[in-house]
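Report on the structure given below.
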Amino acid sequence: MSFPETRMRRLRQTEPLRALVRETSLNPGDLIYPLFICPGEAVRRPIGSMPGVFNLSIDEVVREAEEAASLGIGGLLLFGLPESKDEQASGAYDDKGIVQQALRALKNSPAAKKLVLIADVCLCEYTSHGHCGIVSETRDGFEVENDPSLDLLARTGLSLAQAGADIVAPSDMMDGRVAAIRSALDDEGCANTPILSYASKFASAFYGPFREAADSAPQFGDRKTYQMDGANIREAMREIDLDLEEGADMILMKPAMPYLDVIRAARERVDVPIGAYQVSGEYSMLQAAFEKGWLDRDRAILESLLGIRRAGAGFIATYFAKVAAKLLA
Ligand SMILES: [Zn+2]
């Protein structure tokens, strides 16, 4: 049947009717709130390119976590800014590292216990050169070495799990790191700690503001020899297959908005839970438009998140988590 018997507008007439036929839902529990943890006390340092986002000392992180829990947010994604950096990223796997300390503090907070604590596993925030692995000099410049980095990533994953991370999330894009982390966890009594792998992380301009937030910009070169080329969706599927073979329990797609087709393709290909990361640049460009009064803030935030859910992501890491949770309440 077609027009005039069929009229698509019949089901759009009222909000209750639209709600009844809505295909995709968005709830505070679907949202993961990323936090940047720095040394000190009562520190709440604004990040210029990300209005509303801060570097937070551990006491402030606990307060944010309590608020996030009261809003029904699903979890936190934790990044660290260490006191000092070196070529071996020793702050990443230090038992007294900044994220390890924060995890212990969060585990002592009754409110924060309602959240899933996800610890990012990477070296770039802890290396003096800002790359995600060990760097060696070569004739033509430098190389980020894959295999020697695996041991450090495995130590980092284990150290974070032992400090209380509910999930460890490797984001470095070294080959073989999921297997290395899985075996370190299994060997040391953390067989129940899940791995959320950033399986197909693209080399993206949209990470720009994050590098200010996490103080992790590479001091030379770029990350194109380990992060993926934005043109490649078949390669993304291979990355996902390999990470799952190595033991990843779930995958996180990153960035989200410019790669919604990749999220959809992953959703149709694999049966593990899939999350997506609405990355710093996606957040900052929306914030810039809000500041100029060019977009309706509340509607644009929810629409941007709904689009990611509709593409196939079950959960979303977003800097809008608190704002969105309030809008959804
Ligand atoms: Zn990294």
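The values are calculated or read from the model by the stated rules, or taken from the named source; none is laboratory data. No experiment lies behind these values; they were computed from the predicted model shown. Cβ: placed from backbone, ideal geometry, glycine included. Neighbour counts: every protein chain shown.
Values for this structure:
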{"item": "Condition met for ALA169 (assigned to a strand (DSSP E or B) and either more than 28 Å from ALA112 (Cβ to Cβ) or out of contact with any helix residue (DSSP H, G or I) (no Cβ under 8 Å at 6 or more places or on another chain) (or both))", "result": "yes"}
{"item": "Count of the range 185-232 residues which are outside any helix (DSSP H, G or I), modelled with pLDDT under 95 and charged (D, E, K, R)", "result": "4"}
{"item": "Candidates GLY176, GLY189, GLY208 - the one that is surrounded by fewer than 22 Cβ atoms within 10 Å (Cβ to Cβ) and within 21 Å of VAL270 (Cβ to Cβ)", "result": "GLY176"}
{"item": "Set SER57, SER25, SER84: member being touching a Cys at 6+ places or on another chain (Cβ under 9 Å), of a type in the set (Ser, Thr, Tyr) and on the phi < 0 side of the Ramachandran plot", "result": "SER57"}
{"item": "Residue that is out of contact with any helix residue (DSSP H, G or I) (no Cβ under 9 Å at 6 or more places or on another chain), among the acidic types (Asp, Glu) and within 16 Å of the ligand (Cβ to nearest atom), where the choices are GLU145, GLU137", "result": "GLU145"}
{"item": "Hey, ASP166 surrounded by fewer than 24 Cβ atoms within 10 Å (Cβ to Cβ), in contact (Cβ under 8 Å) with a residue 40 or more places away in the chain, out of contact with any Gly (no Cβ under 6 Å at 6 or more places or on another chain) and over 28 Å from PRO258 (Cβ atoms) or not", "result": "yes"}
{"item": "Exclusive hit being among the basic types (Lys, Arg) and either in contact (Cβ under 8 Å) with a residue 12 or more places away in the chain or touching an Asp or Glu at 6+ places or on another chain (Cβ under 7 Å) (or both), set ARG10, ARG22, ARG44, ARG18", "result": "ARG44"}
{"item": "Of all residues in the range 276-292 being of a type in the set (A, V, I, L, M, F, W, C) and under 12 Å from GLY208 (Cβ atoms), the one that is nearest to the chain's Cα centre (by Cα)", "result": "VAL279"}
{"item": "The range 16-49, subset farther than 22 Å from LEU306 by Cβ and aliphatic (A, V, I, L, M), residue farthest from the chain's Cα centre (by Cα)", "result": "ALA42"}
{"item": "Failed criterion for SER57 (all others in (1) among the polar types (S, T, N, Q); (2) in contact with a strand residue (DSSP E or B) (Cβ under 8 Å, 6 or more places away or on another chain); (3) under 22 Å from SER171 (Cα atoms); (4) away from the ligand (no atom under 16 Å from the Cβ) hold)", "result": "(3)"}
{"item": "Failed item in (1) assigned to a loop (DSSP other than H, G, I, E, B); (2) over 22 Å from ALA161 (Cβ atoms); (3) of a type outside the set (Lys, Arg), with PRO82 passing the rest", "result": "(2)"}
{"item": "The range 21-42, residues that are within 14 Å of ILE301 (Cβ to Cβ), aliphatic (A, V, I, L, M) and not in a loop (DSSP other than H, G, I, E, B)", "result": "LEU31"}
{"item": "In the range 160-179, the residues that are touching a strand residue (DSSP E or B) at 6+ places or on another chain (Cβ under 9 Å) and within 16 Å of the ligand (Cβ to nearest atom)", "result": "LEU160, VAL168, ALA169, PRO170, SER171, ASP172, MET173, MET174, ARG177, VAL178"}
{"item": "Tabulated pairs, the range 120-146, first more than 17 Å from GLN100 (Cβ to Cβ) and assigned to a loop (DSSP other than H, G, I, E, B), second of a type outside the set (Asp, Glu) and away from the ligand (no atom under 14 Å from the Cβ), C-beta under 8 angstrom, 6+ apart or interchain", "result": "HIS129/PHE220; GLY133/PRO148"}
